[in-house]
Amino acid sequence: MGYYPIFVEMRDRPVLLVGGGHVALEKIGKLVDAGARVTVVAPELIPAVQAYIDDGRATLQQRVYEDGDVDGMDVVMVATDDGEVNARVAADARAQDIWVNAADDAANCDFILPSLAQRGTIAIATSTGGASPALARWLRERMEEFLSDDVVALGDLLKELRVLVRQRDRQCAAGCSLVRTPPPLLCTSCPNRIPADRWQTAIDDELLALLRAGRITDAKARMSTALGLDAPLIASPGRDG
């Protein structure tokens, strides 16, 4: 099978989760954190899953799976150890062209879930294509070690600076007669355009040291200078200066 890595916007998407045990717990947390509208179908729930229901973060149909439960869903996830239930739910979902995932049951999966390391705005997904969940977990743990406080702070800083860059790009594009792309994108020849490699070279050991020391203002100033954000816009043939 050929898997394509992707992060999907899940806010307000209806998701059916069949099962109420520990496997369901692994799935429900990330789903509700992503803003999905989760409906759980299961005759019994472990307390940790029940807590999501009690808190109003998910809804419950406390019974076995029934025909029609997949109706209106964008995504279906099966978290049972019953192969017959998995196959039945998968068949119902696929009949309506709904993506389905069944835990540890590749034949009944249209997609698989990566092992995810996440801190702040940074998420690193690892997968072995289903070949070795143990290796995927090992890789995730290594990535969690990599996501140190300074790396998380770097992510926050770059997010903030990207907003400033977009504002600057809009300002440049608004005064340029040569712009052929929708704002805030700039012409590839524009002298005010910040190339991707400049972002990369601006992330150096000194910047990380400033972040590690909690000197966020100094780190922002250093990065802004490296990107040229503290300089006025450069005149170009399409601009009036």
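The numbers here are math on the coordinates, done by the rules we state, and not lab data. From a predicted model like this one, the values you see are computed outputs, not experimental measurements. Cβ placement follows ideal geometry from the backbone for every residue including glycine, while neighbour counts extend to all protein chains displayed.
Consider the candidate values (i) 12.0; (ii) 17.2; (iii) 13.0; state which one is mean projected area of the Cα convex hull in nm² computed from the structure displayed.
The calculated read-out lines up with (ii).
Please identify the GluC sites (Glu not before Pro) of segment 1-48 that satisfy two criteria: DSSP loop assignment and at most 15 other Cβ atoms within 10 Å. Which are they? Let's see the in-between values first.
Details: sites: E9, E26, E44; in loops: E9, E44.
Taking segment 1-48 and a limit of 15 other Cβ atoms within 10 Å, the loop GluC sites (Glu not before Pro) found are E9, E44.
How much of the DSSP bridge set in the chain is antiparallel, in percent, rounded to the nearest 5? Intermediate results must be reported in sequence, preceding the final value.
Working: 6 of 22 bridges.
Of all bridge pairs located within the chain, approximately 25 percent are antiparallel.
How much length would be gained if the chain were fully extended between Q200 and Q96, taking 0.36 nm per residue of separation minus their Cα-Cα distance, in nm to one decimal? Write out the running numbers ahead of the final one.
Details: separation 104, 0.36 × 104 = 37.44 nm, distance 4.44 nm.
In short, 33.0 nm is gained.
When Lys and Arg each count +1 and Asp and Glu each count -1, what net charge do the other residues less than 12 Å away from D110, Cβ to Cβ, add up to? Write down the numbers at each step before the final one.
Details: positive: R94; negative: D97, D105.
Around D110, the charge tally is -1.
Quote to one decimal, in nm, the extra length available between V152 and Q61 on full extension: 0.36 nm per residue of separation minus the C-alpha distance between them. If you can, show how the numbers build up before the last one.
Numbers: separation 91, 0.36 × 91 = 32.76 nm, distance 3.89 nm.
Gain on extension, V152 to Q61, equals 28.9 nm.
Tell me which trypsin sites (Lys or Arg not before Pro) from segment 35-83 have a DSSP coil assignment and no more than 12 other beta carbons within 10 Å of their own.
Numbers: sites: R37, R57, R63; in loops: R57, R63.
Qualifying residues, ordered by number: R63.
What is the sum of charges around P14, taking Lys and Arg as +1, Asp and Glu as -1, for the other residues whose C-beta is under 13 Å from the C-beta of P14? Can you show the working numbers first?
Details: positive: R11, R13, R37; negative: D12, D69, D71, D74.
Taking every other residue near P14 into account, the sum is -1.
How do I124, I6 line up, fewest other C-beta atoms within 10 Å first? Walk me through the numbers before you get to the answer.
Details: I124 17, I6 8.
Arranged by neighbour count, lowest to highest, I124, I6 become I6, I124.
Name the lysines eligible as straight-distance cross-link partners of K220: C-alpha to C-alpha under 22 Å, and not fewer than 8 places from it in the same chain.
Excluding near neighbours in sequence, the set is K159.
What distance in nm separates the simple spin-label points at Q167 and I216, each placed 7 Å from Cα in the Cβ direction?
1.6 nm
Where in the chain are the DSSP H helices whose alpha-carbon span along the long axis reaches 27 Å or more and whose Kyte-Doolittle mean is at least -0.5?
Working: long enough: 149-174 (38 Å, -0.12).
Correct list, ordered by number: 149-174.
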